[in-house]
Amino acid sequence: MSWEEKEILLVVKTYPERSKKYGNTVCTAGILKDSNTWVRIYPINFNSYNAKPLKKFVFFKAQIKKNTKEMLRRKESFKIRDSTIEITNKDLVDPKKKGVWDKRRNILIKTLSDSVEILKKKANEDRTSLGLIKPKIDSVKFRLKKPIEKIDIDIAESIQINLFGEKLKKVDKIENIFYYSFNCYGENCSGHNMICTDWELLESFRKWRNQYINPVHLEEKLKERYEDWMKNRDLYFILGTHNRFNTWFIIGLFYPPKRKDLSLNAFLK
Ligand SMILES: [Zn+2]
């Protein structure tokens, strides 16, 4: 299998994991521009010169190739040559820019699955391991698997040196205990509980735990942003399967503003 240059819209960066070989690695998912299909690129070393400016919703070109070992289980997995990364378009990076959310949604919506059940069926058929679904918004609940004050968090204090002699700050390691319970639009949906590893969520927790010392307030603050606020948006979940277990996670939240035309339709009914 040979390297091929592709243009990709970067959509998801999961919270970094520590890696001995690469420093911090991030699982990255995006959409191939030519085919509107999902790809998982792992690992991208975000400390490398070319990867540093890679923000969410940037278009970039790079040489990628199928990760043949990985693909036996997850068909969208690719390897990347960090040194070939080249940003091609930053128009969709700034969400405050007029029309940006609509443009992002127009691309992502082409990958929308009807339900989690259908996505899981596809996983069995052809090893699909990434997808976009829409939860029924009234059913969405942001939850924690254990009390917030009991979350295991390993603060990074040391600096490590990677293979290339670069100094890297380690990331704080945070236990995955945040999850959403929701129903999708599947005909036979009996509800889902899925761990959420969205970078923004874990980063909020990391920052806010220093600001809100009282665990009750911290939990309220997280719920306010990740449930109440999200329910006033046009919320989608980007789902991916775990690299070892065959379970589905919410790897990213996609939350354009509610569509005015949709609310008008609802009004007319
Ligand atoms: Zn369902």
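State the antiparallel share, in %, of DSSP beta bridges confined to the chain, rounding to the nearest 5.
Working: 51 of 55 bridges.
Beta bridges within the chain, antiparallel portion: roughly 95 percent.
Defining a contact as two alpha carbons under 8 Å apart and six or more residues distant in sequence, what relative contact order in percent does the chain show?
Numbers: 520 pairs, mean separation 45.5, N = 269.
Dividing the mean separation by the residue count of the chain yields 17 percent.
Taking the beta-carbon count within 10 Å as an exposure proxy, list K13, K33 from fewest neighbours to most. Present the calculation step by step, with values, prior to reporting the outcome.
Numbers: K13 21, K33 16.
By the 10 Å Cβ count, ascending: K33, K13.
For the chain, the longest stretch holding no GluC sites (Glu not before Pro) located in a DSSP loop with at most 15 other Cβ atoms within 10 Å is which?
On the way: sites that count: E157, E166, E175, E187.
Longest gap between qualifying sites, sites excluded: 1-156.
Give me, ordered by chain and number, the residues 5 or more places off E76 or on other chains with an amide H under 5 Å from its own placed amide H.
S129
List the lysines whose alpha-carbon lies under 19 Å from that of K75, not counting same-chain residues fewer than 8 positions away?
By straight Cα distance, K75 reaches K6, K13, K33, K65, K66, K110, K120, K121, K122.
Could you tell me the distance between the Cα centroids of the stretch 67-141 and the stretch 190-258, to the nearest Å?
Answer, in whole Å: 17.
Residue-wise, which Karplus ³J(HN,Hα) couplings in Hz belong to the stretch 229-241, taking 6.51 cos²θ - 1.76 cosθ + 1.60, θ = phi - 60°, and x for glycine or proline?
5, 5, 6, 9, 10, 8, 7, 10, 10, 9, 10, x, 9
Only helical DSSP H runs with n ≥ 4 go in: add -39500 (n - 2.57) per run for the chain, normalise by residue count and round the 222 nm mean residue ellipticity to 500 deg cm²/dmol. Each step should come with its number before you reach the end.
Working: 6 runs with 55 residues, N = 269.
Using -39500 (n - 2.57) per qualifying helix, the result is -6000 deg cm²/dmol.
How large is ³J(HN,Hα) for each residue in the stretch 113-123, as worked out from phi by the Karplus curve 6.51 cos²θ - 1.76 cosθ + 1.60 (θ = phi - 60°), to whole Hz, x for Gly and Pro?
Values per residue, Gly and Pro as x: 8, 5, 7, 5, 4, 5, 4, 5, 5, 4, 4 Hz.
Could you tell me which trypsin sites (Lys or Arg not before Pro) in the stretch 219-260 are loop residues by DSSP with no more than 11 other beta carbons within 10 angstrom of their beta carbon? Walk me through the numbers before you get to the answer.
Numbers: sites: K221, K223, R225, K231, R233, R244, K258, R259, K260; in loops: R244, K258, R259.
For trypsin sites (Lys or Arg not before Pro) across the stretch 219-260 that sit outside H, G, I, E and B with at most 11 neighbouring Cβ atoms in 10 Å, the list reads R244.
Hey, which aspartates and glutamates would be in cross-link range of K136, C-alpha to C-alpha under 15 Å, not counting anything within fewer than 8 residues on its own chain?
D114, E117, E187, E227, D228, D234
Every read-out reported here was derived from the displayed coordinates using simple, explicitly stated rules and does not represent laboratory data. It should be emphasised that the depicted structure is a prediction, and the values quoted were computed from it without experimental measurement. No Cβ is skipped: glycine too gets one built from the backbone with ideal geometry, and neighbour counts run over all protein chains shown.
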